[in-house]
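Reviewing the structure listed below.
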Amino acid sequence: MPRYAYVNGRYLPHADAAVHIEDRGFQFADGVYEVIAIVDGTFTDEEGHITRLGRSLAELRIPWPVKPGTLRILMRELAAKNGVRNGLLYVQVTRGVAPRDFRFPADPAPTLVMTCRRTKWQPRAALEKGVAVVTLPDIRWLRRDIKSVALLAQVLGKQAASERGAFEGWMVDPDGTVTEGTSSNAWIVTGDGVLVTRPASNLILNGITRQTLLRLAAAMQMRVEERTFTVEEAYRAREAFVSSASAFVIPVVRIDGRPVGEGVPGPLGRRLREAYLADAGVADPVLGGGR
Ligand code: PDD
């Protein structure tokens with residue numbers, strides 16, 4: 001089946017799809033994006049992703065390229081054209097094409113690009129055995145709540161983590177607190193069983209998966225604290241995991257080479273992953289099961 005991308009109102013063969021060299025996304029990283037998982041044809045947390053896209057656009061004063069309701073229709077069309085029922089849909093909106101000038105163009109025509117691809121999800125072993133993370137300095141700007149395409153710090157961080165044999169890098173602010181992963185939110189479970197994740201602020205991306213997990217954890221009567229935690233506290237955690245649209249929940253069993261708890265995936269992360277996918281009404285695309 002040929003692959004198609006959506007570019008400003010047209011479905012183009014993926015290999016030929018392009019935007020202009022003076023697109024402000026290319027020139028200034030002046031744009032925002034969303035990544036949405038499709039599991040068994042269901043867009044998980046679609047509402048949350050569309051809402052956050054609107055927020056990111058508003059924060060940067062970029063107009064919606066199409067109405068949110070139209071976007072949802074286009075997303076489905078693109079998935080269907082690509083025959084994707086299990087995969088990831090990527091949406092990017094930039095401030096559009098204009099002669100290079102730091103100031104906003106007077107009459108912006110935002111660029112809307114979407115791609116959709118099948119994915120293998122995470123390997124089964126990542127869920128059964130857990131993954132390693134390493135800590136890195138958080139060298140990003142102070143508006144990390146905007147899902148901006150300016151991802152250079154995360155690119156460098158993920159590459160550094162990968163070169164150190166880790167699945168993810170946990171970024172750390174100068175005060176020693178963990179902010180988040182390079183492309184995921186960070187969670188720990190304390191020695192006495194409290195689920196801890198950093199509160200939403202300008203210093204992290206408020207993950208949509210994170211928000212749903214907090215709602216589910218409360219419904220399951222887990223003890224939850226939205227607060228900062230240090231690297232030292234993470235080393236002493238009983239359990240740790242990461243969350244994101246593409247990972248759902250993945251257990252972390254080593255931080256900077258030190259085992260987390262017994263060094264095996266813990267029960268809270270597993271329950272939350274199950275609850276997340278059950279809430280979306282789908283079976284786990286890696287582990288199977290579900291309803
Ligand atoms: N990344 N923090 C950062 C820095 C992220 O880039 C992401 C998502 C998250 C998790 O957010 P959500 O649960 O809404 O996916 C947290 C996406 C998946 C990516 O860039 O591929």
Quiz prompt | Residues Arg215, Arg254, Arg198, Arg100 arranged by fewest to most Cβ contacts within 10 Å | solution = Arg100, Arg215, Arg254, Arg198
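Tell me whether segment 124-280 comes out rounded, prolate or oblate; compute the Cα gyration tensor, take square roots of the eigenvalues as a ≥ b ≥ c, and use a/c under 1.5 as the rounded threshold.
Values: a/c = 1.41, a/b = 1.20, b/c = 1.18.
Since a/c stays below 1.5, the shape of segment 124-280 is classed as rounded.
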Self-check item: Virtual spin-label span in nm between Ile139 and Ala80, 7 Å along Cα→Cβ
Solution: 4.6
Practice problem: Give me the compactness ratio for segment 211-258, meaning the Cα radius of gyration over 2.2 N^0.38 Å. | Solution: 1.26
Quiz item: Ranking Lys147, Lys158 by Cβ neighbours within 10 Å, fewest first, what do you get?
Solution: Lys158, Lys147
Practice problem: Would you check the chain for Lys pairs whose C-alpha atoms are within less than 30 Å, ignoring same-chain pairs closer than 8 in sequence, and give me the count? | Solution: 9
Exercise. Place a label point 7 angstrom from the Cα of Phe104 along the Cα-to-Cβ direction, then list the residues of segment 31-64 whose backbone nitrogen is under 16 Å away.
Key: 31-32, 54-64
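Note the direction-averaged projected area, equal to a quarter of the hull surface, for the Cα convex hull of the chain, in nm². The partial results should precede the final answer.
Numbers: hull surface 61.2 nm².
Taking a quarter of the hull surface, the average projection is 15.3 nm².
Full extension from Ala58 to Thr230: what is 0.36 nm times the residue separation minus their Cα-Cα distance, to one decimal in nm?
Working: separation 172, 0.36 × 172 = 61.92 nm, distance 3.20 nm.
Here the answer is 58.7 nm.
In debye, nearest 20, what is the charge dipole magnitude of the chain about its Cα centre with +1 on Lys and Arg Cβ and -1 on Asp and Glu Cβ, if you could check?
For the chain, the charge dipole is close to 600 debye.
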Quiz item: Using a simple spin-label model with points 7 Å from Cα along the Cα→Cβ vector, what separation in nm is obtained for Leu152 and Glu22?
Solution: 2.3
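For Asp175, Asp256, Asp101, which order do you get if you count the other beta carbons within 10 Å of each Cβ and list the fewest first?
On the way: Asp175 7, Asp256 14, Asp101 11.
Going from sparsest to densest Cβ surroundings: Asp175, Asp101, Asp256.
Read the figures in this text as sums done on the coordinates, not as results from a lab. Because the structure is predicted, anything quoted here is derived from the model rather than measured. Ideal geometry is used to build each Cβ from the backbone, glycine not excepted, and the neighbour counts take in all protein chains shown.
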